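Below is one structure, written out as structure tokens; comments come after it.
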Amino acid sequence: MKFIGIIPARYESSRFPGKPLFLIDGKSMIQRVYEQVSKSTTLTEIVVATDDLSIENHVKKFGGNVIMTSKDHLCGTDRCYEAFKKINVNNKYNSNDIVINIQGDEPCINPEQIDLVANCFNKEDVKIATLIKKIDTEEDISNSTIIKVVCDQFNRAIYFSRSPIPFIRDKKSSKWMEENPCFQHIGIYAYRASILGEITHLKPTPLEKSESLEQLRWLENGYPIHVNVTTHKSYSVDVPADITKIVALLKATKK
């Protein structure tokens, strides 16, 4: 079983145009992501999937692998699938191999997280996998940009939401973490190659539209999502102001 890491990198962004090329302490964000991902002990191949020539040229310049994809994709999953098809034009991978969708806006991603999500596929019945992390502040529970998740006893996601879940009846929200562990979703996905082809052909679903969460489309169509628990927090760059916290993290790791 082989693991292919694909990093979607779109140029256009309503909140941060050109984000992948933004310099963070002397290196572009996409180069920082690529270098962190390269530290994984699991991946057979790493490639950036982009829709922009300037990103393509930049990745080639720092020695990374890159593939051009359509500008029409609405999500990273679709871009990953197109990239995988182009990578696999000579059938060097089979339907049981694993594609890992790695966020292109997390320059401090911990490579252990890639290995951790890959470990889910030690079980043959796993089709899609992702990571979750225990929430440790009340503020995060109420923050709608932090996606919450509840799971069953077999380490499969039951539901993802922007709202606090589970809701602890008859308890103040400040006591919820004492009553029941709350988990946030870490946005890294892994799929068996055959399943990736299937889910890209699914139509948007009611719950997905309500929460604006792509993974609900898979759950609504009966695709189980297995989870592994990470202790590493995820730090994504959504707007230019987020760069400040990334620079602080980089400085902290150098100490």
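The values are calculated or read from the model by the stated rules, or taken from the named source; none is laboratory data. None of these values were measured; they are calculated from a predicted model. When we count neighbours, we look across all protein chains shown, and the Cβ atoms used for this are built from the backbone with ideal geometry, even at glycine. All accessible areas refer to the heavy atoms of the entire protein, side chains included, with ligands and DNA or RNA removed. Shrake-Rupley method; radii C 1.70, N 1.55, O 1.52, S 1.80 Å.
Check the range 191-199 and report whether any residue there is open to solvent by less than 60 Å² (accessible area, probe 1.4 Å) and under 25 Å from residue 141 (Cβ atoms). Among the residues of the range 191-199, not one is open to solvent by less than 60 Å² (accessible area, probe 1.4 Å) and under 25 Å from residue 141 (Cβ atoms), which makes the answer no.
Taking the range 42-51 only, how many residues are of a type in the set (D, E, K, R) and open to solvent by less than 30 Å² (accessible area, probe 1.4 Å)?
1
Residues in the range 91-121 that are closer than 27 Å to residue 240 by Cβ and either not aliphatic (A, V, I, L, M) or not in a loop (DSSP other than H, G, I, E, B) (or both): 11 in all. Cβ-Cβ contacts under 7 Å between residues 6 or more apart (or on different chains), taken from a first residue in the range 73-90 that is among the polar types (S, T, N, Q) to a second residue that is part of a loop (DSSP other than H, G, I, E, B), are listed as 77/200; 77/214.
Summed over the range 1-36, the residues that are open to solvent by 20 Å² or more (accessible area, probe 1.4 Å), part of a helix (DSSP H, G or I) and either small (Gly, Ala, Ser) or in contact with a His (Cβ under 9 Å, 6 or more places away or on another chain) (or both) give a count of 2. Within the range 175-213, being in contact with a strand residue (DSSP E or B) (Cβ under 6 Å, 6 or more places away or on another chain) and of a type in the set (S, T, N, Q) holds for one residue alone: 184. Residue 79 meets all of the listed conditions (1) in contact with a helix residue (DSSP H, G or I) (Cβ under 6 Å, 6 or more places away or on another chain); (2) within 21 Å of residue 21 (Cα to Cα) but one, namely (1).
Condition (residue is assigned to a loop (DSSP other than H, G, I, E, B), under 19 Å from residue 157 (Cα atoms) and hydroxyl-bearing (Ser, Thr, Tyr)) applied to the range 184-196: is it met by at least one residue?
no
Of all residues in the range 9-32, exactly one satisfies the criterion of being modelled with pLDDT of 95 or more and under 15 Å from the mean Cα position of the chain (by Cα), namely 30.
Do you know which of the residues in the range 200-222 that are in contact (Cβ under 8 Å) with a residue 60 or more places away in the chain and open to solvent by 20 Å² or more (accessible area, probe 1.4 Å) is farthest from residue 105 (Cα to Cα)? If we take residues in the range 200-222 being in contact (Cβ under 8 Å) with a residue 60 or more places away in the chain and open to solvent by 20 Å² or more (accessible area, probe 1.4 Å), then 219 is farthest from residue 105 (Cα to Cα). Against the conditions (1) open to solvent by 50 Å² or more (accessible area, probe 1.4 Å); (2) farther than 30 Å from residue 124 by Cα; (3) of a type outside the set (Phe, Trp, Tyr); (4) at pLDDT 95 or above, residue 39 satisfies every one except (2). Counting the residues of the range 37-72 that are in contact (Cβ under 8 Å) with a residue 24 or more places away in the chain and part of a helix (DSSP H, G or I) gives 5. Name the single residue, out of those in the range 122-178 being part of a loop (DSSP other than H, G, I, E, B) and among the acidic types (Asp, Glu), that is least open to solvent (accessible area, probe 1.4 Å). Out of the qualifying residues, it is 152.
Filter the range 223-255 for residues that are in a helix (DSSP H, G or I) and either basic (Lys, Arg) or farther than 19 Å from residue 24 by Cβ (or both); which is most open to solvent (accessible area, probe 1.4 Å)?
Per the stated criteria, the residue is 254.
Residues in the range 65-109 that are of a type outside the set (Asp, Glu), more than 27 Å from residue 27 (Cα to Cα) and open to solvent by less than 30 Å² (accessible area, probe 1.4 Å): 88, 93, 98.
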